[in-house]
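Below is one structure, written out as structure tokens, with a few remarks after it.
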Amino acid sequence: MDPTATTLEFVRLYGPVALCVFTFLETSMLFPFAPSEVVVPAAAAVLVTDPASFVVFVTAAGVGGVAGAFVPYSVCYGTRLSEAEWLGSRIRVSGERIDRGGAWFRRWGESSVLWGRFLPVLRSVISVPAGVARMDPYRFGLFTGLGTAGFYAATGALVYYGRQRSLFAAVVAVAVDRPILTGVALLAVLGGGLLVWSRFGHRYRR
């Protein structure tokens, strides 16, 4: 049976509990049997029907995602990335993904634990180099929580509002109805971009 279809059936039957279990298994890399890029939006379409259910969706997915992220982080804490056989015996992740996550972490630092949760290629595996580098567990938990909750909130909101109206119409409506909020969001994005450029831009000007 198709693992994605099976997962979605469990979500339909058991709701947020099944979603929490799925996100735990996916981010822990203990049993990544279905792509989250397919399961999470489909689960949002099933579970998110109003603001209250949206909060439940984000909470369930976030709790599972954060708890799962601590598994590879703890397993790999202080371990050399070259010990691929040791890692592979404990978590299901390829040496190529370990190397890729390590390269991103070395290049961008601890901040990659936060924004890496939004990227399919990093969302789970970024926990490995964070553990290897002995990242402070409280900072790891904070960055993971913010990034994980942000990813699931964005996914749930896009699915929910996308069903109500077209995405373009929703964006325009928010911009017209809440110009101050829109301006603050744009300034935050611009400020974040300038901050990243001021820190790393010299590498590209050489």
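For the peptides 34-42, 46-54, 127-135, residues were scored by their other Cβ atoms within 10 Å and the scores averaged per peptide; the highest-first order is 127-135, 34-42, 46-54.
Per the Kirkwood formula on distinct C-alpha pairs, the Rh of the stretch 1-54 is how many angstrom? Kindly include the intermediate steps, with their values, before the conclusion.
Numbers: mean 1/r = 0.0893 Å⁻¹.
It is 11.2 Å.
Taking label points 7 Å from Cα along the Cα-to-Cβ direction, Glu37 and Ala154 give a separation of 1.4 nm.
If you plug the beta carbon distance of Ala52 and Ala103 into 1/(1 + (r/R0)^6) with R0 = 35 Å, you get a FRET efficiency near 0.25.
When Cys20, Cys76 are compared by accessible surface with a 1.4 Å probe, the order from highest to lowest is Cys20, Cys76. Local charge for Gly145 was computed over the other residues whose Cβ lies under 11 Å away, with Lys and Arg +1 and Asp and Glu -1, and equals +2.
Taking 0.36 nm per residue of separation and subtracting the Cα-Cα distance, full extension of the segment from Glu110 to Ala45 would add 20.1 nm. When the residues Trp108, Trp115 are ordered by accessible surface, computed with a 1.4 Å probe over the protein chains alone, the sequence from largest down reads Trp115, Trp108.
The values are calculated or read from the model by the stated rules, or taken from the named source; none is laboratory data. None of the values given here were measured: they were computed from a predicted structure. All Cβ positions, glycine included, derive from the backbone under ideal geometry; neighbour counts span all protein chains shown. Accessible surface areas use protein heavy atoms only, side chains included; no ligands, DNA or RNA. Shrake-Rupley method; radii C 1.70, N 1.55, O 1.52, S 1.80 Å.
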